[in-house]
Amino acid sequence: MSLLPVEDALERLLRAASAVTATEALPLDMASGRVLANDLAARLTQPPFDASAMDGYAVRAEDIKAIGTELSVIGTSSAGHAFDGELGKNEAVRIFTGAPVPAGADTVLIQEDAEITGEGRIRANFQPEEGRHVRPRGQDFTEGEVILQRGTALDFTKLTVAAAMNHDRLTVFRKPVVAILATGDELLTPGSTPGPSQIIASNTFGVGALLRGAGADILDLGIVPDDEAAIAAAIGQAQAANADVLVTLGGASVGDHDLVQKTLKNCGMELDFWKIAMRPGKPLMVGRLGAMQVLGLPGNPASSLVCALLFAEPLIRKLAHLPALHRKATVLSASSLPANGQRQDYMRARLIRDSSGHLLAEPFGKQDSSMMKVFAEADCLIVRPPHAPELPAAAPCPVILLRPELA
């Protein structure tokens with residue numbers, strides 16, 4: 001099987017994916033980051049009455065024909081405590097922000113423009129136009145009006161509106177379930193004491209964190225040894241849990257100890273493609289096992305994380321009804337970069353600014369796919385297309401941001 005270009009591989013992966021259709025109802029305080037499964041209409045009108053936008057006096061604009069006009073104060077309207085009567089000619093009601101405007105009033109004279117002249121009397125030191133400082137009923141929205149539409153990702157602004165619309169529960173799409181399976185006789189969980197031939201497994205935690213951020217629920221299947229029966233049993237657990245995606249870490253190649261692909265095929269997986277024209281991450285594997293998509297990531301940490309960023313994150317966001325993150329940017333190269341070979345290269349780099357404020361990508365000197373410390377210090381991946389010529393310093397270069405807020 002020939003090496004597949006990165007763009008073609010991503011297109012094929014996403015084309016085969018369908019967004020989750022199952023839904024669930026959640027209370028407002030648990031709905032942040034979720035996606036609405038239906039249109040959401042207001043259950044009431046907001047504001048439900050003409051309301052004052054300022055502290056002052058509710059008046060009739062026609063009564064204040066000139067500065068110096070005096071009015072009689074006949075009552076008070078405050079938030080939650082409306083004035084029950086009706087305003088008559090040359091009368092005013094003391095009013096506070098958010099309080100209902102009394103019947104008969106059409107304007108608010110703010111307290112800075114009113115002078116108390118005696119018991120129950122004020123003088124207007126400003127001539128307001130009709131409607132000034134009054135929020136009319138329904139100014140924000142009206143009962144039955146659709147404010148939030150199906151497919152809306154719920155953040156703090158959307159949840160505020162949903163609450164104001166008098167919804168205490170929202171119907172959202174279920175999160176896609178991603179089962180993560182790490183394989184390898186040499187792997188131990190963090191906190192263990194490794195023997196002479198063992199290492200601590202780390203990929204599960206980085207990949208899991210990335211995919212949780214993309215909208216997934218993670219089912220950690222743990223670490224299984226390089227044994228076909230053990231791998232098959234773990235695959236069965238993913239199927240029993242109705243996982244939408246199975247992500248395997250390591251063992252997807254075809255060496256004597258790389259049993260994941262072989263076992264998956266024996267379990268009925270249809271292999272879509274395998275081996276991508278990229279570095280790091282060449283042995284990426286994509287297939288389908290029944291309703292479950294399968295994504296086999298390389299075992300080397302840098303390869304695993306790069307592939308998770310380029311392929312797994314977009315896949316999960318599509319399943320979760322979320323838009324793709326804008327991770328691509330163009331900056332300047334901090335140094336010259338050599339010509340590239342036939343595989344698209346992703347070089348870990350830090351972002352710096354020159355004296356003019358331009359953003360530069362400075363690649364690390366060591367790019368080995370087993371190195372994790374460099375990844376932790378990196379801000380972006382410099383993208384070097386296949387057969388790209390030498391790139392001089394200060395030339396524009398495309399990058400993928402590890403943290404999009406850095407753009």
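The values are calculated or read from the model by the stated rules, or taken from the named source; none is laboratory data. Everything numeric in this text was worked out from a predicted model, so none of it was measured. Glycine also receives a Cβ, built like all others from the backbone with ideal geometry; neighbour counts cover every protein chain displayed.
For A53, are the conditions met, namely being at pLDDT 95 or above and within 14 Å of R121 (Cα to Cα)? No; evaluated as a whole, the condition is false for this residue. Among the residues making up the stretch 171-190, those that are among the β-branched types (V, I, T), touching a Ser or Thr at 6+ places or on another chain (Cβ under 8 Å) and farther than 23 Å from V35 by Cα are I180, T183. Of all residues being touching a residue at least 60 places away in the same chain (Cβ under 8 Å) and either assigned by TED's automatic domain parsing to the domain that holds F273 or not in a loop (DSSP other than H, G, I, E, B) (or both) in the stretch 23-35, which is surrounded by the most Cβ atoms within 10 Å (Cβ to Cβ)? Just the residue, please. Once the filter is applied, the top-ranked residue is V35. Remark: pairs (first residue in the stretch 275-299, more than 23 Å from A243 (Cβ to Cβ); second residue among the β-branched types (V, I, T) and crowded, with 23+ Cβ neighbours inside 10 Å; Cβ separation under 8 Å; 6+ apart in sequence or on different chains) = M278/V306; P280/V306; K282/I276. When N38 is tested against (1) outside the structural domain of E112 (by TED's automatic domain parsing); (2) among the polar types (S, T, N, Q); (3) not in a loop (DSSP other than H, G, I, E, B), exactly one condition is not met: (3). Going by the conditions given, is R384 under 21 Å from S304 (Cα atoms), surrounded by 15 or more Cβ atoms within 10 Å (Cβ to Cβ) and either assigned by TED's automatic domain parsing to the domain that holds P298 or under 31 Å from the mean Cα position of the chain (by Cα) (or both)? Against the criterion (under 21 Å from S304 (Cα atoms), surrounded by 15 or more Cβ atoms within 10 Å (Cβ to Cβ) and either assigned by TED's automatic domain parsing to the domain that holds P298 or under 31 Å from the mean Cα position of the chain (by Cα) (or both)), R384 qualifies. Restricting attention to the stretch 328-347 and to residues that are over 23 Å from D8 (Cβ atoms) and touching a strand residue (DSSP E or B) at 6+ places or on another chain (Cβ under 6 Å), the residue that is surrounded by the fewest Cβ atoms within 10 Å (Cβ to Cβ) turns out to be L332.
If the condition is being of a type in the set (V, I, T), part of a loop (DSSP other than H, G, I, E, B) and either under 27 Å from E313 (Cβ atoms) or within 30 Å of the chain's Cα centre (by Cα) (or both), then the stretch 175-194 contributes only T189.
Selection of the stretch 47-95 for residues being over 18 Å from R137 (Cα atoms), of a type outside the set (G, A, S) and outside any loop (DSSP other than H, G, I, E, B) yields Y57, E62, D63, E70, L71, V73, I74, T76, E91, V93, R94.
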